[in-house]
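Q: Take this structure, written in structure tokens, and hold onto it; I'll ask about it next.
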Amino acid sequence: MAQARQRDNGGERTQSTIDVIVALRGEKGQQLSERESKLSARHLDQQEYRHAAELLLDIAGPASEHIRMNEREGKKYYTNLEPLTLRHMAAHLEGHRTYGALIGHPDGTTRASIYDADTPEAVEMVKAAVRCLQAAGYKPLIELSPAGKAHLVMIYTEHVNARAAHCYECKLVPELENIKEYWPSLSRNKVRLPAGKYVRPSIAGWCKL
């Protein structure tokens, strides 16, 4: 798939690398069931589907643990003490599970930046930020959850220095500095990955890109 690319101090940016994802649409340590694992692996031999899963895995990063959103009563996320795999990513894209990760790599690079907007005011602010970023050549995404919250997502066509990317994004849109939760960050907190479902007992549904 052809990818539109631009360069500046923040690195290469693209929206088309996530187009395939848009189109495709327990307990601590719990893993995929055998049935879910088979379902999630079923389409990995299809080139575009596998490309989407590989992109999402590269965004997630290679950490030795990840989080899974809890659809039952209790805390919002459980920690799974294992690295994410392509099968996890396929399950995420198919809505069988919803995963989160650090979205960083050991060398300090990342494939994406994510900013969390968890109030109506913050949601409007990131929507306004999109216009500034687009004017600078970025291809940002807004992912709206059924809970009325939003993630501002920027996906890079290759690994970029995470700290430099964040600084440059805030230089373009100073209001982003007011967002306390962003990724990658030094907090070691994990973030829900794009293109999945939002699942909680009181509300569940696909997030919209």
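Q: Considering (1) under 24 Å from Tyr77 (Cα atoms); (2) part of a loop (DSSP other than H, G, I, E, B); (3) not hydrophobic (A, V, I, L, M, F, W, C), say which one Thr110 fails and leave the rest.
A: For Thr110, the exception is condition (2).
Q: Please go through the stretch 103-124 and give me each residue that is hydrophobic (A, V, I, L, M, F, W, C) and touching a strand residue (DSSP E or B) at 6+ places or on another chain (Cβ under 7 Å), ordered by number.
A: Ile103, Ala112, Ile114, Ala117, Val123
Q: Next question, about the same structure. Which of the residues belonging to the stretch 121-159 are more than 16 Å from the chain's Cα centre (by Cα), buried (at least 22 other Cβ atoms within 10 Å of the Cβ) and hydrophobic (A, V, I, L, M, F, W, C)?
A: Ala129 - this is the single residue of the stretch 121-159 that is more than 16 Å from the chain's Cα centre (by Cα), buried (at least 22 other Cβ atoms within 10 Å of the Cβ) and hydrophobic (A, V, I, L, M, F, W, C).
Q: Is one or more of the residues making up the stretch 105-115 small (Gly, Ala, Ser), in contact with a Leu (Cβ under 7 Å, 6 or more places away or on another chain) and surrounded by 16 or more Cβ atoms within 10 Å (Cβ to Cβ)?
A: Scanning the stretch 105-115, I find no residue that is small (Gly, Ala, Ser), in contact with a Leu (Cβ under 7 Å, 6 or more places away or on another chain) and surrounded by 16 or more Cβ atoms within 10 Å (Cβ to Cβ), so the answer is no.
Q: Kindly indicate which of Pro194, Pro201, Pro146 is under 20 Å from Glu71 (Cβ atoms) and in contact with a Phe, Trp or Tyr (Cβ under 6 Å, 6 or more places away or on another chain).
A: Pro146
Bear in mind that the values in this text are calculations on the coordinates, not laboratory data. Remember, predicted model here, so these are calculated numbers, not experimental data. Neighbour counts run over all protein chains shown; Cβ positions are idealised from the backbone, glycine included.
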